């Protein structure tokens, strides 16, 4: 399995004036080396076409390509991995279908994170750390929950949810592998510059 990079965990969008390909390109140009294709609504065939294009972009930058939720799209696009939520296909089933790819699991509590590691995940997406404008309904794990989770698991943890530039230093100090930011990048006046600044702050922290 390929090593999971630190820093910015990039997530593509279809919104804020972006499509998946352009948002992936922006994140890669800024320096992200892991990109998740996140699409909830399009037909599977359209998702596969988009995922393949984003995968090609990732390959050209030497970045990992992850598909959110959809094991079928991950398989069809030859993704490096898949990221599953608590309501998605069980990790054990995804592993049987995809073999030795990277499988990440979302965890909104310490117990969910511990269970994900026990089930054999390769990394945990922990959050929401702060109240999120992208997913306002998400439970808030908070900094203390994140601190406890990172201390209790051995797999890498990426923090997500409501993260801003001023949070980067403390999040890195807690031992997370990286941060996933959406609205803090795409809703800014200069999204690429926002992504660059997040990565620069990470490197300084």
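The values are calculated or read from the model by the stated rules, or taken from the named source; none is laboratory data. A quick note: this is a predicted structure, and the numbers were derived from the prediction, not measured. Positions of Cβ are generated from backbone atoms using ideal geometry, with glycine treated the same way; all protein chains shown enter the neighbour counts.
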#### Entry: Every pair of residues 6+ apart whose Cβ atoms lie under 7 Å, when the first sits in region 20-45 and is on the phi > 0 side of the Ramachandran plot and assigned to a loop (DSSP other than H, G, I, E, B) while the second is at pLDDT 95 or above and surrounded by 24 or more Cβ atoms within 10 Å (Cβ to Cβ)
31/8
### Query
Looking at region 162-176, is at least one residue touching a residue at least 40 places away in the same chain (Cβ under 8 Å), assigned to a loop (DSSP other than H, G, I, E, B) and over 21 Å from residue 44 (Cβ atoms)?
yes
### Message
Just to be sure I understand the filter: pairs with C-beta atoms under 9 Å, separated by 6 or more residues or on different chains, first member in region 141-156 and at positive phi, second member surrounded by fewer than 20 Cβ atoms within 10 Å (Cβ to Cβ) and in a loop (DSSP other than H, G, I, E, B). Which pairs pass?
### Response
142/130
### Query
Quick one: is residue 198 farther than 27 Å from residue 20 by Cα, crowded, with 22+ Cβ neighbours inside 10 Å and in contact with a strand residue (DSSP E or B) (Cβ under 7 Å, 6 or more places away or on another chain)?
no
### Summary
Checked pairs for region 83-94, first more than 19 Å from residue 158 (Cβ to Cβ), second surrounded by 20 or more Cβ atoms within 10 Å (Cβ to Cβ), C-beta under 7 Å and 6 or more apart or across chains, list as 89/71
### Message
Go through region 135-153 and report how many residues are in a loop (DSSP other than H, G, I, E, B) and in contact with a helix residue (DSSP H, G or I) (Cβ under 7 Å, 6 or more places away or on another chain).
### Response
1
### Task
Could you figure out which of (1) surrounded by fewer than 15 Cβ atoms within 10 Å (Cβ to Cβ); (2) touching a strand residue (DSSP E or B) at 6+ places or on another chain (Cβ under 9 Å); (3) over 23 Å from residue 33 (Cα atoms) isn't true of residue 141?
(1)
### Query
Can you spot a residue in region 58-75 that is touching a strand residue (DSSP E or B) at 6+ places or on another chain (Cβ under 9 Å), without any contact (Cβ under 8 Å) to a residue 24 or more places away in the chain and more than 24 Å from residue 202 (Cα to Cα)?
yes
### Task
Report those strands (runs of 3 or more DSSP E) wholly inside region 73-130 carrying at least 3 residues which are over 16 Å from residue 5 (Cα atoms) and under 14 Å from the mean Cα position of the chain (by Cα).
102-107
